[in-house]
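Following: one structure in structure tokens, then a few remarks.
Where a number appears in this text, it was derived from the coordinates with a stated rule and is not lab data. Since this is a predicted model, take the numbers as computed values, not measurements. FYI the Cβ positions are ideal-geometry reconstructions off the backbone, even for glycines, and counts take in every protein chain you see.
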2 protein chains.
Amino acid sequence: MKISLTPAQILVLGFAGVILAGALLLMLPVSTMPGRQTGFLTALFTATSAVCVTGLVVVDTGTHWTAFGQVVILVLIQVGGLGFMSMATLFFVFMGRRIGLRERLVIQESLNQVNVAGVVRLVRAVLIFTVITEGFFALVLAARWSFDYGWQRGLWLGVFHAVSAFNNAGIDIIGGFRSLTGYVNDPVITLSVAFLIILGGLGFAVVLELYNFRRTRRLSVHARLVLRVTASLLLGGTVLFALLEWRNVLGSLPLYGKLLASFFQAVVPRTAGFNSVDIAALGDATLFLMIILMFIGASPGSTGGGIKTTTFGVLGITVWSMAGGREDVELFRRRIPPWQVYKALTVFLLSVFLVVLVSLLLCITERSRFLEALFETTSAFGTVGLSMGLTPHLSPAGRVLIILTMFAGRLGPLTLAYALAQRRRKSAVRYPEEKIMVG
Amino acid sequence: MKISLTPAQILVLGFAGVILAGALLLMLPVSTMPGRQTGFLTALFTATSAVCVTGLVVVDTGTHWTAFGQVVILVLIQVGGLGFMSMATLFFVFMGRRIGLRERLVIQESLNQVNVAGVVRLVRAVLIFTVITEGFFALVLAARWSFDYGWQRGLWLGVFHAVSAFNNAGIDIIGGFRSLTGYVNDPVITLSVAFLIILGGLGFAVVLELYNFRRTRRLSVHARLVLRVTASLLLGGTVLFALLEWRNVLGSLPLYGKLLASFFQAVVPRTAGFNSVDIAALGDATLFLMIILMFIGASPGSTGGGIKTTTFGVLGITVWSMAGGREDVELFRRRIPPWQVYKALTVFLLSVFLVVLVSLLLCITERSRFLEALFETTSAFGTVGLSMGLTPHLSPAGRVLIILTMFAGRLGPLTLAYALAQRRRKSAVRYPEEKIMVG
Ligand SMILES: [K+]
Ligand SMILES: [K+]
């Protein structure tokens with residue numbers, strides 16, 4: 001009997017396999033600190049969170065796990081992040097081969113050719129990029145932390161957090177669920193981590209285009225959209241966070257600390273999950289702003305999650321084109337084909353549906369406030385990992401819900417996008433048009 | 001100097017004029033009960049709520065206003081509801097004339113021809129339909145209420161609530177902000193009111209098509225979509241409400257009361273605003289369900305508000321078509337043109353943006369819970385009028401916010417839809433296609 005699997009099925013099964021293996025390793029006694037217990041659900045939750053680079057945790061990573069356990073988590077993060085970034089970029093390449101000439105040309109310009117050799121070349125490029133970036137910032141962070149903890153622990157902290165930041169995992173080993181709140185005024189740590197998060201969240205295809213820009217002198221519409229949406233969200237997020245929290249959580253900080261903390265909190269919902277201020281102390285309006293940023297997330301083919309900057313961008317441009325009275329959706333003097341707008345719409349609506357459904361279920365299972373349930377669900381779906389504090393106290397039913405949401409949030413949008421791109425076809429029969437009154 | 005106004009500008013100015021005139025009438029001493037005061041903001045709020053058939057109130061309609069004041073409110077409701085229904089249907093007709101043959105044919109089939117005579121004919125048909133429907137149910141309700149209050153007050157209650165229900169206003173004169181909670185088990189009152197709400201919310205074009213169905217033997221795609229979405233939302237809303245509240249607010253009711261109350265509470269968020277159970281006692285999950293129903297609202301060209309059933313339907317069908325691997329959006333063997341999907345998307349996203357923005361502002365001005373702010377804002381935007389109890393306690397800033405939201409929610413989607421339909425044009429330059437990675 002021969003079983004043939006689609007790439008999407010391979011992806012789902014592969015991730016599920018790595019998660020299960022990770023959960024089993026974390027259940028070994030050597031992973032857990034003496035005097036603590038790790039049940040299956042806790043191990044599964046932690047492994048899912050690491051592989052899906054979500055970062056939500058039910059036990060404190062810094063104090064519950066031994067050094068061995070932390071290494072397991074680090075490896076899971078790296079495998080999950082790298083695997084996802086490579087797979088997403090490959091999907092992009094295959095999609096380009098299947099459906100359009102232009103995309104393929106952009107990729108081919110970077111990679112020369114798309115075939116088995118091209119795949120190997122691509123994965124190697126991703127690997128080299130990852131190692132160099134993580135290595136450099138691990139040293140920067142280690143140098144900074146060695147002042148506080150000596151070089152040995154400083155190096156381990158540097159490596160762990162560089163990997164966790166670049167892969168947008170957001171898991172920390174500072175201890176006490178504190179994340180980076182102890183370093184809210186520290187520019188070396190917060191700016192290094194922010195830079196790693198942004199770079200990891202751009203998507204490898206865009207990074208390659210930027211790298212080759214000096215030679216090619218052109219950027220694809222995709223790359224320009226990614227850069228513009230990313231910049232807008234970072235700027236808008238920083239300004240709004242500062243305005244909303246100036247006298248609240250930012251109140252006790254000096255001016256440069258206020259700005260640094262606002263910028264950092266605008267970076268992390270997309271979709272890193274570190275925080276340098278106490279999330280539970282934020283106002284409802286700020287929390288909702290962060291929910292929106294978490295939902296949008298990072299860019300396609302990156303380590304980040306969410307519905308993706310380009311999905312958000314295509315929807316925004318559609319509104320803009322309609323408001324301008326145009327019949328086509330236009331961007332940078334290019335027309336976006338209808339089915340791509342439909343696809344963005346589909347990804348958006350299905351994601352809204354999933355997040356709202358799980359939030360409502362959590363309201364019931366956890367008897368929590370709606371905003372709190374929405375925050376944790378969006379955080380899980382967008383593989384963000386920020387928490388208002390609900391996650392460590394989840395009931396078993398709630399844990400299972402969040403595990404499934406993390407998995408769906410990591411693989412769902414990508415496989416959905418891939419499946420939608422693959423199966424696109426004109427109908428055998430093209431029906432006559434008919435209009436409907438809307439609005 | 002000659003000033004020429006677009007139909008949309010006439011609509012906005014006309015509604016604003018009626019609201020101001022109503023506010024001035026309500027400020028007359030004869031409108032207010034002895035011993036009570038009516039400030040300008042209260043009068044403006046009440047007049048806006050009546051003309052926009054929203055139904056949110058800051059003072060109790062049954063005890064604050066005299067019979068004269070209540071008559072003013074009733075007239076404002078009728079002018080607002082009729083005016084809006086006529087204008088929306090006329091817009092539909094003009095839109096049909098401008099942009100498509102098929103729509104015009106459907107309308108013309110009902111109205112014979114579209115010209116000045118056609119307009120007069122149409123408005124007269126709307127008027128006759130309104131008077132007959134309201135008259136019949138006013139008598140039914142009056143007969144029921146005369147048992148409790150005698151024929152004189154019974155008749156006034158019957159007329160007021162029939163008009164208020166058919167126009168989807170949802171303003172009651174029962175007293176004490178109680179709405180219809182005293183009649184949760186009463187089938188005559190709740191089913192009569194529910195029927196009026198549903199009929200008023202279908203849109204006049206659909207009612208006409210249904211009326212002519214025996215002769216024409218066909219329904220337009222528009223009418224079929226309206227009927228299908230309406231039926232689905234009523235059924236789904238009833239079932240979910242019953243499931244979520246069976247042991248909560250429905251707990252003390254007999255079985256048929258549970259079902260009757262669930263059905264009634266599924267009808268009213270779209271977008272009538274009466275309630276037969278205490279809204280503040282509902283669970284968070286149920287409140288969010290009602291927010292979704294309020295946001296979707298009724299059908300185009302009706303007295304109801306919201307983004308409209310057809311907007312929701314077009315978005316849902318787009319997702320369905322994409323999931324089925326089609327390149328076109330197809331429905332009932334008809335293809336929906338891309339710009340109509342874009343338009344539905346635009347109405348949806350701008351509405352989400354408005355509702356979220358106002359909710360965040362209310363969180364700040366009223367220091368309220370996010371869900372509470374979202375509920376009142378959606379209720380105002382969708383011209384629903386349900387309240388968790390925030391509205392009577394609004395600060396002046398909050399009142400102004402809600403007044404503007406009611407006005408925008410009543411006129412915004414329609415004029416937006418009209419403006420978008422009017423200005424649609426192909427670009428002079430058609431740019432080459434370029435794809436973007438989404439999801
Ligand atoms: K994360
Ligand atoms: K209403």
When B:ARG144, B:ARG367 are ranked with the fewest other C-beta atoms within 10 Å first, the list becomes B:ARG367, B:ARG144
Here the correct list, in nm and shortest first, of distances from A:VAL30 to the same site in the other copies, label points 7 Å along Cα→Cβ, is 9.3
Subtracting the Cα-Cα distance of A:LEU235 and A:THR63 from 0.36 nm times their residue separation yields 58.4 nm
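Show me A:276-287, B:296-307 ranked by packing, highest mean number of other Cβ atoms within 10 Å first.
The peptides rank, most packed first, as B:296-307, A:276-287.
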With DSSP loop assignment and no more than 13 other C-beta atoms within 10 Å, the trypsin sites (Lys or Arg not before Pro) in segment A:161-254 are A:ARG217, A:ARG218, A:ARG247
One finds the C-alpha centres of segment B:8-50 and segment B:235-283 to be spaced, in Å, by 32 Å
By the Cα gyration tensor axes a ≥ b ≥ c (a/c under 1.5 gives rounded; else a/b larger than b/c gives prolate, otherwise oblate), the shape of segment A:7-422 is rounded
Per the rotation taking chain A to chain B, min distance Cβ-to-axis on chain A (residue, whole Å) equals A:PRO338, 2
Within 10 Å of the Cβ of an average residue in A:344-354, the count of other chain Cβ atoms is 5
One finds the C-alpha centres of segment A:286-328 and segment A:142-160 to be spaced, in Å, by 38 Å
Exposure proxy check on A:ASP172, B:ASP328: fewest-to-most Cβ neighbours within 10 Å is B:ASP328, A:ASP172
Note: B:283-296 gets an average of partner chain Cβ contacts (10 Å, Cβ to Cβ) equal to 3
One decimal, nm, nearest first: from B:GLY135 to the same residue in each other copy, label points 7 Å out along Cα→Cβ, the values are 8.9
Listed with the fewest Cβ neighbours within 10 Å leading, A:TYR211, A:TYR183 appear as A:TYR211, A:TYR183
Inter-copy distances for B:LEU210, nm, shortest first, label points 7 Å along Cα→Cβ, are 5.7
Stretched fully, the stretch from B:ILE128 through B:ASN185 gains (0.36 nm per residue minus C-alpha distance, one decimal, in nm) 17.3 nm
Partner shielding of A:307-314, taken as the mean number of other chain Cβ atoms within 10 Å, equals 3
Sorted by chain and then number, the residues having a modelled amide H within less than 5 Å of the amide H of A:LEU331, at least 5 places away or on another chain, are A:ILE336
